[in-house]
């Protein structure tokens, strides 16, 4: 499933550049909670120069913008915004995922998640649109509403929607809290309007009340917060891990994440291997 590309227009560039690169860099520095002196030491500069850049008294070179962005761990998309604000052209392209230039990437991701079977694994973009998934994920989605499975399904909607996996997740309140906190961190990092809108949508989904007289589940020691989900009359437990690409040079690649679900107990692992056999 392709990720839509967007190329900054001339008007967009003027708007971003009009804000000036200084305030943007200062905002990133304050977000990272480091001083001008510490940033200067990391970037092989001086606190005086950093101060001049942030106040607009000095225009940083293209190399300096990129060096500061690297030290501040600015996401690739936002590095383009910093370059535009400083009067330079964007450095990082945003290639559609179905572009032939990314054939090797797509093939590698698909091989990776297939190799993870029978355990579930999927690939999502910056707004949690599912761009690839293996058969382990497909098994868990049995019974999910068709409209949620339409082209370009969204992982957050699939998980938290009342007609998605939510009714079968036994520890929904805990898992929902984990997912919403994860989205909040992403929003703070990427300042994405689309991600904010998705967060507000899924956060507003109703959460089923505990049935009257329900007995608490028997406590089990897990090494990480699991997602405990009912599947064909069984309770399966998974812990998730998210991987991203090191040193991405393309916005699309930078915003891809591979999420894998590892069985959290021997019974879940044995059941999944039994299905595969």
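The values are calculated or read from the model by the stated rules, or taken from the named source; none is laboratory data. From a predicted model like this one, the values you see are computed outputs, not experimental measurements. So basically every Cβ, Gly included, is an ideal-geometry build from the backbone, and we count neighbours across all protein chains shown.
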Query - residue 111 assigned to a helix (DSSP H, G or I), without any contact (Cβ under 8 Å) to a residue 24 or more places away in the chain and buried (at least 21 other Cβ atoms within 10 Å of the Cβ) - result: no
Report summary line: Quick count over the range 230-252, residues being without any contact (Cβ under 8 Å) to a residue 60 or more places away in the chain, under 14 Å from residue 125 (Cβ atoms) and crowded, with 19+ Cβ neighbours inside 10 Å, is 0
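Kindly evaluate residue 195 against the criterion of being farther than 26 Å from residue 32 by Cβ, in contact (Cβ under 8 Å) with a residue 40 or more places away in the chain, assigned by TED's automatic domain parsing to the domain that holds residue 139 and within 17 Å of the chain's Cα centre (by Cα). Walk me through it before giving the result.
Values: farther than 26 Å from residue 32 by Cβ: no; in contact (Cβ under 8 Å) with a residue 40 or more places away in the chain: yes; assigned by TED's automatic domain parsing to the domain that holds residue 139: yes; within 17 Å of the chain's Cα centre (by Cα): yes.
Criteria not met by residue 195.
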Query raised in the report: Within the range 126-133, can one find any residue that is at pLDDT 95 or above and in a helix (DSSP H, G or I)?
Result: no
Query raised in the report: If you scan the range 84-108, which residues turn out to be over 23 Å from the mean Cα position of the chain (by Cα) and free of Cβ contacts under 8 Å to residues at least 24 places away in the same chain?
Result: 89, 100
Query raised in the report: If you scan the range 220-229, which residues turn out to be within 19 Å of residue 128 (Cβ to Cβ) and loosely packed, with under 15 Cβ neighbours inside 10 Å?
Result: 225
Query raised in the report: Is one or more of the residues making up the range 135-149 exposed (fewer than 15 other Cβ atoms within 10 Å of the Cβ), in the same structural domain as residue 227 (by TED's automatic domain parsing) and at positive phi?
Result: yes
